[in-house]
Structures are given as C-alpha cells and as structure tokens.
1. Report the gain in length on full extension from Arg67 to Ser25: 0.36 nm times residue separation, minus Cα-Cα distance, nm rounded to one decimal.
2. Mind checking which lysines have their C-alpha under 25 Å from Lys21, skipping anything on the same chain fewer than 8 residues away?
3. Go through the stretch 58-66 residue by residue and turn each phi into a ³J(HN,Hα) via Karplus (6.51, -1.76, 1.60, θ = phi - 60°); whole Hz please, and just put x for glycine and proline.
4. Enumerate the calculated ³J(HN,Hα) couplings along the stretch 34-40 in order (Karplus 6.51 cos²θ - 1.76 cosθ + 1.60, θ = phi - 60°), each rounded to whole Hz, writing x wherever the residue is Gly or Pro.
5. Using label points projected 7 Å from each Cα along Cα→Cβ, tell me how many nm separate Phe9 and Asp60, to one decimal.
6. Evaluate the distance, in nm, between pseudo-label points positioned 7 Å from the Cα of Ala16 and of Gln48 along their respective Cα→Cβ axes.
7. Could you report the chain's accessible area per residue, 1.4 Å probe, as an integer in Å²?
8. Pop a pseudo-label 7 angstrom from the Cα along the beta-carbon direction at both Asp33 and Thr1 and give the gap in nm to one decimal.
Amino acid sequence: TAYEALRGFTLDAAFAGFAEKEVGSLEAGKRADFVILREDPLAIAPAQLQNLTVEATYVDGKAVFKR
C-alpha cells in the first residue's frame, strides 16, 4: 500500500540502519529532512503520485525550497 511504501522509506529504513533514534520520524531532537506537499499522497490514486506538488523542502529542519 502507499502507507507501507511511505513507512518503508522513513521509519523502517531508519530502523534497518540502526538510526531510528536520530531519523525516520518527525520528533523533537531528531534530524528532519522532509517535504510539504499540496496533496495527501495517501489519499490519491497511485498513478497520480507523479503529479504531487511540492510546497517546501526541508533539510536538517531548515527550509531549502519554498514555492
């Protein structure tokens, strides 16, 4: 499912790399690389994922792109 794919690239990937205390989810004290999307990727058809609109990108909690 889309949820399983998202989790696989976030929390599960951090766990596999023994880094779940540092990355993998948005929590106080963790490094934060994330995007803000206009649409909910879990609520659209898989064929529409390529059309998602990125509103902002953050690396280590700092904005590096804002629409």
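The values are calculated or read from the model by the stated rules, or taken from the named source; none is laboratory data. Note that the structure is a prediction, hence the values are computed from the model and not measured. Cβ: placed from backbone, ideal geometry, glycine included. Neighbour counts: every protein chain shown. All accessible areas refer to the heavy atoms of the entire protein, side chains included, with ligands and DNA or RNA removed. Shrake-Rupley method; radii C 1.70, N 1.55, O 1.52, S 1.80 Å.
1. Working: separation 42, 0.36 × 42 = 15.12 nm, distance 2.35 nm.
So the chain would gain 12.8 nm between Arg67 and Ser25.
2. Straight-distance partners of Lys21: Lys30, Lys62.
3. 3J(HN,Hα) across the stretch 58-66, in whole Hz: 10, 10, 6, x, 10, 5, 10, 8, 9.
4. Residue by residue, the stretch 34-40 yields 7, 10, 10, 10, 5, 9, 8 Hz.
5. Calculated label separation equals 2.3 nm.
6. 2.9 nm
7. 79 Å²
8. The modelled label-to-label distance comes out at 2.7 nm.
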